[in-house]
Amino acid sequence: MRSILILISCLLFFVSIYGQKNKSDDKISTQDKILLQKFWRDFTDAVTRNDKEKIKTLCDFPFYCRPCLDYVEAKNSNFVTVEVTKDLFQKKHYKVFFEKELKAEVKKYQKFTMPFFHPYFNKEMNIHGISFLYTLIPPSKTWEGTQGMISLEKKEGKFKIIGIDMIP
């Protein structure tokens, strides 16, 4: 009886260690790290120099943008987010990339660092894209603050901005 219990315990132990699916898909590939580094170099350069045309090349239009609500002319609308087309971007929605909060984050992370980027996953638990966060409103004694989240997706061999959101 004792040997059966030991055998079952060992079996459960090995199942718990080796039974976990080792997903190699949940790590960012070396090739994607190189592409992210290039994106980050181009992005930080464009943000610091207020280069609207360079930022435009880093976006996949149309993209959705929650902080862009500040640039919507109809203030009484019930929009939750704005679908930014190339035309809207050209008019005034590009300004979201040149706000002081994002510039401060870019300055803080001028040098590329992988932990700044976070993969997000699709239903099949494969990497669907990459995002990075920046502080929109710093925390205070009474509120946790707000973060902006820029989402990227690999399109035609380059990472492109596909959305900007706010948390919370």
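Structure data summary
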read-out	value
Per residue accessible area of segment 79-122, 1.4 Å probe, in Å²	62
Cα shape, segment 46-96, gyration tensor, a/c 1.5 rule	prolate
Links that overshoot a 28 Å alpha carbon limit, given the list K95/K154; K27/K111; K56/K141	K56/K141
Segment I137-E156, extension gain: residue separation times 0.36 nm, minus the distance between their alpha carbons	3.4 nm
Calculated FRET value between M166 and F112, using beta carbons and R₀ = 22 Å, to 0.05	0.35
P(r) tail fraction, segment 25-168 - alpha-carbon pairs more than 27 Å apart, %	21
Calculated FRET value between Q37 and T146, using beta carbons and R₀ = 22 Å, to 0.05	0.20
Amide H within-cut-off set for F121, under 5 Å, with H built and near neighbours excluded	H128
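The values are calculated or read from the model by the stated rules, or taken from the named source; none is laboratory data. All values derive from a computational prediction rather than experimental measurement. When we count neighbours, we look across all protein chains shown, and the Cβ atoms used for this are built from the backbone with ideal geometry, even at glycine. The accessibility values were calculated without ligands, DNA or RNA, using every heavy atom of the protein model including side chains. Shrake-Rupley method; radii C 1.70, N 1.55, O 1.52, S 1.80 Å.
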